[in-house]
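The values are calculated or read from the model by the stated rules, or taken from the named source; none is laboratory data. Here the structure is a predicted model, which means the values were calculated and not measured. Positions of Cβ are backbone-derived with ideal geometry, glycine not excepted, and every protein chain shown enters the neighbour counts. We work out accessible area using only protein heavy atoms, side chains counted, and drop any ligands, DNA or RNA first. Shrake-Rupley method; radii C 1.70, N 1.55, O 1.52, S 1.80 Å.
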Amino acid sequence: MAQLSPLQLGSLRVGAAVLPAYERSRLATGIVHLGLGAFHRAHQALYTEAVIAAGDKRWGIVGVSLRDPRVAQVLAAQGHLYSVTERHGSEAHTRIVGALRGALYAPQDLPQVMAAIADPATAIVTSTVTEKGYSQNPATGDLDLADAGIRHDIAHPEAPQTTLGVLAAGIRRRAPGAPLSIVCCDNMAGNGDTLRKLLVQYAGQVDAGLARRIESDIGLPNSMVDRIVPAATPASLDEVAARLGLRDEAAIVCEPFTQWVIEDRFSSPRPAWEDAGAVLTSDVRPYQAMKLRLLNGTHSAIAYAGQLCGLDSVSDAMAHPLVGAFARRLMRDDLCATVAAPPGYDVPAYCGELLKRFGNPALAHRTQQIAMDGTQKVPVRWLPPLRESLAAGVQRPQLERALAAWLHYLDTGRSDSGVPLVISDPGAPKLVERLRSAGRAQDAVQAALAHAPVFGAEAWPAAFVARLAAHLSTLRQGGITALLST
Ligand code: CS2
């Protein structure tokens, strides 16, 4: 079967997909995106695609991969075209996206990456590099000066490897006065504020004038992004090929739902993303808290309980009597109570929608994918609601179960039936070392909670530690089934 490319568009199966309704050769590049994974291509790129289709040709995107050369290679071979198929149940709608004008692999194409960020026509940089991609010291919230990549970039600021290093070197090349905004699209509370702080701290290490310039000239709005976009699998690529009659090696299958809430704090022109359904607001924090706690917080619990139970996908986990019931109670009873509704929101109705989304049987959203990088995700998703509740004297029994399940998952590295689990989390070994340093559950929990990079420096209440230890004992004796049956 032929591969998707501009020349092959004519051989697409009739009616299989919506095509870019504009002439791609007339597009300028107005956006540089760092982190060219599936999420960006199925989210921000589609909002931008709609703005371009409505007639504003300034906003073509150049995407940059910092770690993996494959996406850029595949996209280049397809003339930067790719498809997004939205699926719920048996419904499927595919669109071919034309907004991407270039795909670069930073370690190889650094001069082009720098030139793209420096180009005065570039008014926006967006980023999805995952929580760990910002070189933050989780214990202090500041730039991690011990991080190997940051140490490299401080020593060689013109040959950077990290997100911050690449951004700073590109900005340094921009003509003074050329307006730029940076929109962080990763799942972190106050993501734009965090990126601003880290970028200024990094720039301060290499060029004090640059640090001042970033602080005074560049808008970094906070934003909340939402769309469930599972990593592609051989089966999802085959399914799309069968629909299109062409192979698309960059094909994405995701849910129909999409949401983007952005603070209107730009220091440059920007695409009219609101015309494509984005919400521009003065304060994104309530939207972020609602989404990070209810969606991502429940997701992580489903991931660890699911992995321990041998359940491969979120929809399988939701259909499991114990794991599904646990996820619903965690969301509705524990997490919901910690969330203040953003303007116009009915939080219980939002929860109902989330549960439908999690149940979507057409998405192979793997629990293993969500389980990745727990040492970065847990402090954002679970610990703030837990701390706040404990401080108010309120227990969150399901959240405590979730936390115990995560610790047990890291500790044993095996499912209940003994199958070895793939744990992908660079921050995990140090925590695991603590968990295994003590025999008794009480001591193991105490040692783990004292790991400040994940759990913070403030002590946890003794009664909470005892409850967590009791859960860990239950897990050690009877596995996740025993814990969720109590
Ligand atoms: C998930 C998110 O992998 C994960 O940690 O919780 O990627 C989630 O699917 C998105 O944030 C949904 O918007």
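A compact table of results
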| read-out | value |
| --- | --- |
| Count - residues of the range 30-55 that are over 19 Å from the mean Cα position of the chain (by Cα) and either surrounded by fewer than 18 Cβ atoms within 10 Å (Cβ to Cβ) or in a helix (DSSP H, G or I) (or both) | 7 |
| Residue within the range 232-244 that is within 30 Å of residue 121 (Cα to Cα), at pLDDT 95 or above and either aliphatic (A, V, I, L, M) or more than 10 Å from the ligand (Cβ to nearest atom) (or both) present | no |
| In the range 147-160, the residues that are touching a helix residue (DSSP H, G or I) at 6+ places or on another chain (Cβ under 6 Å) and closer than 29 Å to residue 260 by Cβ | 160 |
| Matching option when the condition is in a helix (DSSP H, G or I) and of a type in the set (Asp, Glu), among 316, 283 | 316 |
| Some residue of the range 310-329 being in contact (Cβ under 8 Å) with a residue 60 or more places away in the chain and under 13 Å from residue 381 (Cβ atoms) | no |
| Unique match (being within 15 Å of the ligand (Cβ to nearest atom) and over 23 Å from residue 93 (Cβ atoms)) among 284, 314 | 284 |
| Residue list for the range 445-486, restricted to those being of a type in the set (Val, Ile, Thr) and either surrounded by 18 or more Cβ atoms within 10 Å (Cβ to Cβ) or at pLDDT 95 or above (or both) | 445, 454, 465, 474, 480, 481 |
| Single condition residue 438 does not satisfy, out of (1) farther than 20 Å from residue 399 by Cα; (2) among the small types (Gly, Ala, Ser); (3) assigned to a helix (DSSP H, G or I) | (3) |
| Matching entry among 349, 364 (being at pLDDT below 95, open to solvent by 30 Å² or more (accessible area, probe 1.4 Å) and either touching a Phe, Trp or Tyr at 6+ places or on another chain (Cβ under 6 Å) or over 20 Å from residue 470 (Cα atoms) (or both)) | 364 |
| Qualifying residue in the range 186-198 (condition: within 16 Å of the ligand (Cβ to nearest atom), under 16 Å from the mean Cα position of the chain (by Cα) and open to solvent by less than 10 Å² (accessible area, probe 1.4 Å)) | yes |
| Test: residue in the range 416-426 that is in a helix (DSSP H, G or I) and either surrounded by fewer than 23 Cβ atoms within 10 Å (Cβ to Cβ) or of a type in the set (Val, Ile, Thr) (or both) | no |
| Every pair of residues 6+ apart whose Cβ atoms lie under 9 Å, when the first sits in the range 1-17 and is under 14 Å from residue 95 (Cβ atoms) while the second is of a type in the set (Phe, Trp, Tyr) and outside any loop (DSSP other than H, G, I, E, B) | 4/82 |
